[in-house]
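Some notes on the structure that comes next.
The values are calculated or read from the model by the stated rules, or taken from the named source; none is laboratory data. What you are looking at is a predicted structure, and each value in this text was computed from that prediction instead of being measured. We place every Cβ from the backbone using ideal geometry, glycine too, and count neighbours over all the protein chains shown. Accessible surface areas use protein heavy atoms only, side chains included; no ligands, DNA or RNA. Shrake-Rupley method; radii C 1.70, N 1.55, O 1.52, S 1.80 Å.
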Amino acid sequence: MTFKKNYFTIFFVMLFLHGFAQQVHVKYYHVRSPIATLYEDLYVKDNDVISIQDSIVNFNSNGTMSAVKPSVRPLSKNYFISKLQDNGKTKDFFFTGLDKETKYFIHDNVSKPVWRIDETKTKKILGYNCIKATTNFRGTELTAYFTKDLPYSAGPFKFFGLPGLILDIREENKNFNIWKAEKVELTVDSKINFTPKLNNYPKITMKEFVEMKDGTQNNEIKDLLSRMPAGTKVQNDSKGRAGIEKKFEFEQMYAH
């Protein structure tokens, strides 16, 4: 009887721990630009994945982390919704994005990144053994550290495709476009909604959203130039889009 009792105790403890292993919450510190930072929370439960970017953005006007101050103008949260499993080539993401004063609900079919994993480069993050991996994600060279201790092919934003959860990812040779895990929890709050109601937002494709954003930026530049004195020369040092996504699959397809 003692043996059977101990056996069933061990069985239920293992079942309990296994159940918790099917879910995880990671809080990332996200450096969006040289002057703006925010938090992003990733939640994974079974096959459901949602990443929520905080509604409060901290602005840094002096170019140093010590000068970060909370914004007086809170923004609405952004959601990135997907499934843990992919089809081996792409993954569907549904996310919210802003253009001018309108927020949209956008469908984005993201190609699976081609990761180069270097098992010899490791480091500890929040107590987890992490392995280095690099890739080119939509025109941006990225370095990530992921852990096989949390066997989820997921990460913040739209990052996925590694055999473990991403705890640190950043654009190479930049002091922004950084996501750094600050907390890992092996539970997910029961209040987290993996299918938030976003029906009030206009639904568009990623291609439509990108073309809209590019058009808005071009119009803003034209408007700025029109306000300058006649004969003013403007040097454009821009090398394309400033965000993490610089090139898109549909642009490469049309280029051939």
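So the values come out like this:
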read-out	value
Boolean, Asn175 is over 30 Å from Gln22 (Cβ atoms), in contact (Cβ under 8 Å) with a residue 12 or more places away in the chain and open to solvent by 90 Å² or more (accessible area, probe 1.4 Å)	yes
Flag for Val188 being of a type in the set (A, V, I, L, M, F, W, C), out of contact with any Leu (no Cβ under 9 Å at 6 or more places or on another chain) and modelled with pLDDT of 95 or more	yes
Condition met for Val110 (β-branched (Val, Ile, Thr), in contact with a helix residue (DSSP H, G or I) (Cβ under 9 Å, 6 or more places away or on another chain) and either surrounded by 15 or more Cβ atoms within 10 Å (Cβ to Cβ) or assigned to a strand (DSSP E or B) (or both))	yes
Among residues of segment 231-256, those that are open to solvent by 100 Å² or more (accessible area, probe 1.4 Å) and at pLDDT below 70, counted	8
Residue check, Ala144 open to solvent by less than 10 Å² (accessible area, probe 1.4 Å) and in a strand (DSSP E or B)	yes
Hits in segment 58-70 (condition: surrounded by 14 or more Cβ atoms within 10 Å (Cβ to Cβ) and at pLDDT below 75)	Asn60, Val68
Test: Thr122 is surrounded by 15 or more Cβ atoms within 10 Å (Cβ to Cβ), hydroxyl-bearing (Ser, Thr, Tyr) and under 21 Å from Arg170 (Cα atoms)	no
Residue, surrounded by the fewest Cβ atoms within 10 Å (Cβ to Cβ), within segment 32-51, restricted to residues that are more than 11 Å from the chain's Cα centre (by Cα) and either polar (S, T, N, Q) or more than 19 Å from Val184 (Cβ to Cβ) (or both)	Asn47
Identity of the residue in segment 79-102, outside any loop (DSSP other than H, G, I, E, B) and at pLDDT below 95, that ends up surrounded by the most Cβ atoms within 10 Å (Cβ to Cβ)	Gly97
Those residues of segment 189-207 which are of a type in the set (Lys, Arg) and touching a residue at least 40 places away in the same chain (Cβ under 8 Å), in sequence order	Lys203, Lys207
Selection status of Phe160, within 14 Å of the chain's Cα centre (by Cα), modelled with pLDDT under 95 and part of a loop (DSSP other than H, G, I, E, B)	no
Selection from segment 178-200 of residues that are open to solvent by 70 Å² or more (accessible area, probe 1.4 Å) and of a type in the set (Ser, Thr, Tyr)	Ser190, Thr195
